[in-house]
Amino acid sequence: MSENKDQFRPEDHENDHFLLTSVVGSYPKPKWLNRAKELYEDDEADFDEDNWKEAKDDAALVITNEHERAGLDTVVDGEMRRNEMVEFFAHRIDGYEFNGPVKVWGHNYFDKPSVVSEVEYDENWLVDEYEFTASATDRPVKVPITGPYTLASWAFNEAYEDDAELAYALADLVNEEIEKLVDAGARYIQIDEPALATTPDDHAIVGEALERIVADIPEEVRIGLHVCYGDYSRIYPEILEFPVDEFDLELANGDYEQLDVFKDPEFTADLALGVVDVHVAEVESVEQIEENIKKGLEVVPPEQLVVSPDCGLKLLPREVAYGKMENMVQAARNVEADLDAGNIDIERETPTPADD
Amino acid sequence: MTEYVSTTPGLYPLPDWAKDDLSHLKGHQKHDLISGDEGEEITAVYEEARDEVISVQQDAGLDRIVEGQLRWDDMLAHPLAVNDAVETRGIVRYYDNNNFYREPVVTDDLAATGDVASELEAAADLTDDDDLQAVLPGPYSLADLSTDEHYGDEADFLAAIADLLADEADAFPDVETLFLLEPSLVENAPDDGEDERASEAIDQVASAVDADVVVQPYWGALEEKVYAHLLDADIDAVGFDFVSNQDDNLYNIQEYGATDDIALGLADGQNTLVEDPEAIRDRVEWVEGQLPTAEFETVYLTTNTETFYLPYAKYVEKLEVLAEAADLAEVTAA
């Protein structure tokens, strides 16, 4: 288990137990932000770069504040400045170029970039937005970063021998960015690697990339890894070797069908358990979420449990996203109180040690 | 003397303007995708886009012209997605790609729709007599991409798919060449017995047209037995994906021989890096130099895969490279 979770415990936390509450990252954008974007892209509108920046700043403030009101222990700006998880970073890294949209399915497209030369660190990616968000809240700010394996896999590779070499080169850049974020005060970084779920055989590449990412990053900086919508049995227990503090996993969407995967061998890292489904536009009740949180206690003791939604919330209606956060926090506090009172008795199986 | 023929396996990306127009007219959800009964407005967009991709091929100087399969929202599963005996259900992953299609579930007796034939009729009006090329999924891949809730038995289902594709092909206008795309022969290789049935099913579809038939597997090389069985089918050429695997493909040809014609997938249909025509020509010579056989009658130069994975401008460049490489190979051989 990781020793760096307690730094996020609020001073006025009312229970002895502490289940850290957080979000994965993305959050529905306010409608007026989309309208502002249209104005910014409309050559005839009187809406310049400064106006657009101000709109994004405002949206980041609004969503950070919304996370505070929901009671989250760590907050994010809801990724208000990002359009898409690969494009955003590809625009900031030398070596990428864009050649136009490609099909994902039906008439859903994305601007899949091409890596045409050696990738190099240019302007900072996230330090400005971190500093902005951190200055607007007293709560710890979590920083989600698209991982190097996903940045490599979801691009055309014209320049590197194979995707692994590209992923390693990108990992060095992610490491550079995290060093800057840490200098700016960040203590909670989440690496998003959704591409791992689609090509699970590549877990060794992701592991090697993570080694590069965390090189020389101080222990007190909490590093999480988010992987969603895949067959976890194909990457577990191998991922336990990854040098991260926490795994953030999507399990509510599948009704915890895959929970048993993580019971044997013993889950030695912290588990950030998805306890609300982001593909259902109904707010789960506090009681339901409490039951989901208790599923996590079948895998890890309370000290290793973090509470989180399955994935980014951006596709939900905003009031639904808020409702889910508010109920999730309440459920976490209720479970903590029950744990304090000794009312929860969940047997964890004794798994075979991982090195057997 | 060997004839070098530049071509593609079809399934092109839509021009960017058509992506926009069709997103707008059709929508983004799974029930918005093509089911074979689209209205006038949508049809008009596809007609204009078809004109454009046929012109692109003609301007590039390709020796075979495909219709483009721009309506194939469900990629190789399209011929089933427009069939009345099929329900389209959830979105499922298209092989190992970040692409998805609607799972076609066969719930009744399959009968030909003429959907692909009518696309080819439209394309025939825009092309010269001797350069039109038809494209279909091979029967094994189409069966592999779909779910059977009607025939009940794997062999019966494959036979029904072969019947369907043969009937669809029988309705085609005159075409010079038919490409049967069979990625599943690599990606989900048939077992013992199944491999022989796959070959027979391909033979049946191939026999339905009076055209040269090329069977193109991709994303690797065929297992030896699968390749050996495939050579028993009455087809004119097997295609080889030399982009993703050189050694095993070469081994198959050296060990088991080849058809009189051959298709060489030498340009990468899934990478924006545009090859040099000279490099493609050199690879053709390299392959030919590795083989003990006398010369091929026809060598098709093609991308290894469909090209819808590419941004439109890069797709156009790939076609130009293939046409130029075939011209270079022709000159070198002469």
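The values are calculated or read from the model by the stated rules, or taken from the named source; none is laboratory data. Only a predicted model underlies this, so the values are computations on that prediction, with no experimental measurement involved. Here the Cβ positions follow ideal geometry from the backbone for every residue, glycine too, while neighbour counts run over all protein chains shown. In case anyone asks, the SASA skips ligands and DNA or RNA and just uses the protein heavy atoms, side chains included. Shrake-Rupley method; radii C 1.70, N 1.55, O 1.52, S 1.80 Å.
All conditions in (1) away from chain A (no Cβ under 11 Å); (2) farther than 20 Å from B:D144 by Cβ; (3) open to solvent by less than 30 Å² (accessible area, probe 1.4 Å) hold for B:E3, with the sole exception of (3).
For segment A:77-101, a residue qualifies if it is within 14 Å of chain B (Cβ to nearest Cβ) and in contact with a helix residue (DSSP H, G or I) (Cβ under 8 Å, 6 or more places away or on another chain), and the qualifying residues are A:M85, A:V86, A:A90, A:Y96, A:F98, A:N99, A:G100, A:P101. Among the residues of segment B:6-14, are any closer than 30 Å to B:E295 by Cα, of a type in the set (V, I, T) and either away from every other protein chain (no Cβ under 11 Å) or open to solvent by less than 30 Å² (accessible area, probe 1.4 Å) (or both)? Yes, segment B:6-14 contains at least one residue that is closer than 30 Å to B:E295 by Cα, of a type in the set (V, I, T) and either away from every other protein chain (no Cβ under 11 Å) or open to solvent by less than 30 Å² (accessible area, probe 1.4 Å) (or both).
When A:R348 is tested against (1) free of Cβ contacts under 8 Å to residues at least 60 places away in the same chain; (2) open to solvent by 60 Å² or more (accessible area, probe 1.4 Å); (3) of a type in the set (K, R), only condition (1) is not met. Only residues that are open to solvent by 20 Å² or more (accessible area, probe 1.4 Å) and among the β-branched types (V, I, T) were counted across segment A:60-76, and they come to 1. Scanning segment B:22-40 for residues that are open to solvent by less than 20 Å² (accessible area, probe 1.4 Å) and more than 14 Å from chain A (Cβ to nearest Cβ) yields a total of 0. Determine, yes or no, whether B:A77 is of a type outside the set (D, E), within 13 Å of chain A (Cβ to nearest Cβ) and open to solvent by less than 30 Å² (accessible area, probe 1.4 Å). Criteria met by B:A77.
Give segment A:220-235 a look and list any residue that's at pLDDT 95 or above and open to solvent by 10 Å² or more (accessible area, probe 1.4 Å), or say none. The one that is at pLDDT 95 or above and open to solvent by 10 Å² or more (accessible area, probe 1.4 Å): A:E220. Restricting attention to segment B:125-147, the residues being over 18 Å from the mean Cα position of the chain (by Cα) and either farther than 17 Å from B:Y101 by Cα or in a helix (DSSP H, G or I) (or both) number 6. Screening B:T43 on (1) in contact with a Ser or Thr (Cβ under 9 Å, 6 or more places away or on another chain); (2) more than 14 Å from chain A (Cβ to nearest Cβ); (3) over 29 Å from B:A325 (Cβ atoms) shows it passes everything except condition (1). Just the residues that are over 17 Å from B:A123 (Cβ atoms) and more than 17 Å from the chain's Cα centre (by Cα), please, taken from segment B:166-187. The answer is B:D167, B:D170.
Of all the residues in segment A:46-62, those that are charged (D, E, K, R) and within 16 Å of A:K31 (Cβ to Cβ) number 2. Within segment A:62-76, restricting attention to residues that are β-branched (V, I, T) and assigned to a loop (DSSP other than H, G, I, E, B), the residue that is farthest from the other protein chains (Cβ to nearest Cβ) is A:T74. Of the numbered criteria (1) in a helix (DSSP H, G or I); (2) within 16 Å of the chain's Cα centre (by Cα); (3) surrounded by 21 or more Cβ atoms within 10 Å (Cβ to Cβ), the one A:A197 fails is (3). In the condition set (1) in contact (Cβ under 8 Å) with a residue 60 or more places away in the chain; (2) open to solvent by 10 Å² or more (accessible area, probe 1.4 Å), A:I217 is compliant with all but (1).
State which residue pairs qualify: first residue more than 25 Å from A:V227 (Cβ to Cβ) and inside segment A:5-25, second residue open to solvent by less than 10 Å² (accessible area, probe 1.4 Å) in any location, beta carbons under 7 Å apart, and separation of 6 or more residues or different chains. From residues that are more than 25 Å from A:V227 (Cβ to Cβ), the pairs are A:P10/A:D73; A:N15/A:E336; A:H17/A:E336.
Tell me which residues, restricted to segment B:172-194, are crowded, with 17+ Cβ neighbours inside 10 Å, assigned to a loop (DSSP other than H, G, I, E, B) and touching a helix residue (DSSP H, G or I) at 6+ places or on another chain (Cβ under 8 Å). Across segment B:172-194, the qualifying residues are B:F172, B:V175, B:E182, B:P183, B:A189, B:P190.
On the stretch given as segment A:220-245, residues that are part of a loop (DSSP other than H, G, I, E, B), of a type outside the set (S, T, Y) and under 19 Å from the mean Cα position of the chain (by Cα) total 10. Can you find, within segment B:95-128, the residue that is farthest from the other protein chains (Cβ to nearest Cβ) among those that are open to solvent by less than 40 Å² (accessible area, probe 1.4 Å) and under 15 Å from B:T147 (Cβ atoms)? Among residues in segment B:95-128 that are open to solvent by less than 40 Å² (accessible area, probe 1.4 Å) and under 15 Å from B:T147 (Cβ atoms), the one farthest from the other protein chains (Cβ to nearest Cβ) is B:L110. Within segment A:102-123, work out how many residues are within 9 Å of chain B (Cβ to nearest Cβ) and more than 19 Å from A:A195 (Cα to Cα). Number of matching residues: 3.
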